[in-house]
1. Any idea which residue in region 31-59 is modelled with the lowest pLDDT, counting only those that are out of contact with any strand residue (DSSP E or B) (no Cβ under 7 Å at 6 or more places or on another chain) and over 16 Å from residue 9 (Cα atoms)?
2. Here are the criteria: (1) modelled with pLDDT of 90 or more; (2) open to solvent by less than 80 Å² (accessible area, probe 1.4 Å). Tell me which single one residue 70 does not satisfy.
3. Collect the residues in region 5-27 that are open to solvent by 60 Å² or more (accessible area, probe 1.4 Å) and over 15 Å from residue 58 (Cα atoms), keeping them in residue-number order.
Amino acid sequence: MSVTILTALYNGVEFLEETVRSVLAQTFTDWRMIIGVNGHGETGGDVAVRVREIAALDPSGRIEVFVQPPPICNK
């Protein structure tokens, strides 16, 4: 059985490392984690950079980062 952990991030990046370390400390290892960065501009800015650094704490690459850019408004 595999588990997917979805973590939406809008502000609160200061708590993300603690969250990731908690997941890494679990004895169950068949998981992947998806972190969605939202509301930080087209590229995610400094927040996306920090999230990618935190994701790198798992050398096996089970943590994926997705940046959700703001919606395009057609006026």
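1. Only one residue fits best here, namely 59.
2. Of everything listed in (1) modelled with pLDDT of 90 or more; (2) open to solvent by less than 80 Å² (accessible area, probe 1.4 Å), residue 70 misses just condition (1).
3. 6, 8, 10, 11, 14, 15 - these are the residues of region 5-27 that are open to solvent by 60 Å² or more (accessible area, probe 1.4 Å) and over 15 Å from residue 58 (Cα atoms).
The values are calculated or read from the model by the stated rules, or taken from the named source; none is laboratory data. Just so you know, these numbers come straight off a predicted model, no measurement behind them. Cβ: placed from backbone, ideal geometry, glycine included. Neighbour counts: every protein chain shown. Please note that ligands, DNA and RNA were not included when accessible areas were found on the heavy atoms of the full protein model with its side chains. Shrake-Rupley method; radii C 1.70, N 1.55, O 1.52, S 1.80 Å.
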